[in-house]
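Remarks on the structure that follows.
Throughout, read-outs are computed from the coordinates displayed, never taken from laboratory work. Not measured: the values here are computed from a predicted model. Here the Cβ positions follow ideal geometry from the backbone for every residue, glycine too, while neighbour counts run over all protein chains shown.
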Amino acid sequence: MKLYSANMPAPNPRRVRIFAKEKGIALPEIMLSLVEQEHKLADHLCRNSLGQVPVLELEDGTTISETIAICRYIEELHPDPPLFGNSAIERALIDMWTRRIDIHIGESIKMYWRHAHPATAALIEQHVVFGESNRAVLARAMQWLNTELADGRSFLTGPSFTIADIVALTVIDFAALIGLDPLLGNQAVGDWHARVSSRPSVST
Ligand SMILES: N[C@@H](CCC(=O)N[C@@H](CS)C(=O)NCC(=O)O)C(=O)O
């Protein structure tokens with residue numbers, strides 16, 4: 001299998017990259033240039049009609065889009081180490097945190113990126129006042145996350161690193177790269193971020 005992907009800072013392909021490294025599997029990547037809009041060309045639209053990356057292509061030509069669906073597929077093939085949990089309660093908590101991060105943290109970053117960042121101005125019609133309003137939304141969400149992590153747990157769902165940590169790391173790093181300051185004043189998130197960033201799957 002191979003992954004149609006994109007370089008940093010694209011957070012979704014990065015999630016799969018980190019996930020595969022945690023599993024210890026080699027996942028060949030074909031890099032598309034998002035700047036050159038290669039993900040909107042006919043070749044890629046055949047793989048994903050939404051024109052997005054990542055897309056996992058299997059040997060028989062089947063294509064899987066959506067980062068979490070791709071990671072779940074890899075988890076089924078390579079269960080160890082488990083990154084989606086080992087029991088009903090672990091799976092539920094990991095799903096809960098993955099959704100919380102995407103909805104409460106990721107969404108405001110996405111809206112800022114789409115509606116207020118200069119890099120996307122030529123690509124979509126922007127509503128800059130709305131886009132900028134997401135700075136405050138993100139700041140509140142990061143304070144909430146900081147309060148959660150201040151209880152001393154190592155990772156989002158407890159003692160084990162999971163897909164929820166990968167989802168959180170990639171959106172928080174993306175936010176920092178586009179000029180938001182997600183860690184500012186959030187010591188517990190900063191500690192978690194340093195812990196996660198030092199993992200070989202992330203740092204290499
Ligand atoms: N829900 C999708 C989102 C994928 C996505 O937004 N990928 C970005 C790169 S990080 C992309 O392809 N953006 C181009 C676009 O949406 O047109 C997933 O989880 O994989």
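Hey, what did the chain get for relative contact order, percent, Cα under 8 Å, at least 6 apart?
Across the chain, relative contact order equals 20 percent.
Phi-derived couplings, Karplus 6.51 cos²θ - 1.76 cosθ + 1.60 at θ = phi - 60°, listed residue by residue for the range 178-184: 9, x, 7, 10, x, 8, 4 Hz, with x used for Gly and Pro.
Measuring r between the beta carbons of K110 and E59 and using R0 = 30 Å, the FRET efficiency lands at 0.35. Shape class of the chain from the Cα gyration tensor (axes a ≥ b ≥ c, square roots of the eigenvalues): oblate, since a/c reaches 1.5 or more and a/b does not exceed b/c. The lysines within cross-link reach of K40, meaning a Cα-to-Cα straight distance under 24 Å and a gap of 8 or more places when in the same chain, are K2, K110. Taking every DSSP beta bridge that has both ends in the chain, the antiparallel portion is near 70%. Couplings 3J(HN,Hα) of the range 59-65, computed from phi: 4, 7, x, 4, 10, 10, 9 Hz, in residue order, whole Hz [Karplus 6.51 cos²θ - 1.76 cosθ + 1.60, θ = phi - 60°; x for Gly and Pro].
What does the C-alpha gyration tensor say about the overall shape of the range 2-77? Classify as rounded when a/c is under 1.5, otherwise prolate if a/b is larger than b/c, or oblate. Oblate.
Based on the alpha-carbon gyration tensor of the range 88-203 and its eigenvalue square roots a ≥ b ≥ c, which shape applies: rounded if a/c is under 1.5, prolate if not and a/b is larger than b/c, or oblate? The shape class here is prolate. Between T147, T98, T62, the Gaussian network model of the chain with springs among Cα atoms under 10 angstrom shows the greatest mean-square fluctuation at T62. Sites listed here are GluC sites (Glu not before Pro) in the range 111-204 whose DSSP assignment is loop and whose Cβ has at most 14 other Cβ atoms within 10 Å: E125.
If packing is taken as the average number of other Cβ atoms within 10 Å across a peptide's residues, how do 185-198, 101-114 rank, most packed first?
Those peptides, ordered most packed to least, come out 101-114, 185-198.
What the phi angles of the range 6-21 give under the Karplus curve with 6.51, -1.76 and 1.60, with θ = phi - 60°, is a coupling list of 8, 5, 3, x, 3, x, 6, x, 4, 4, 5, 4, 5, 4, 5, 5 Hz, glycine and proline written as x.
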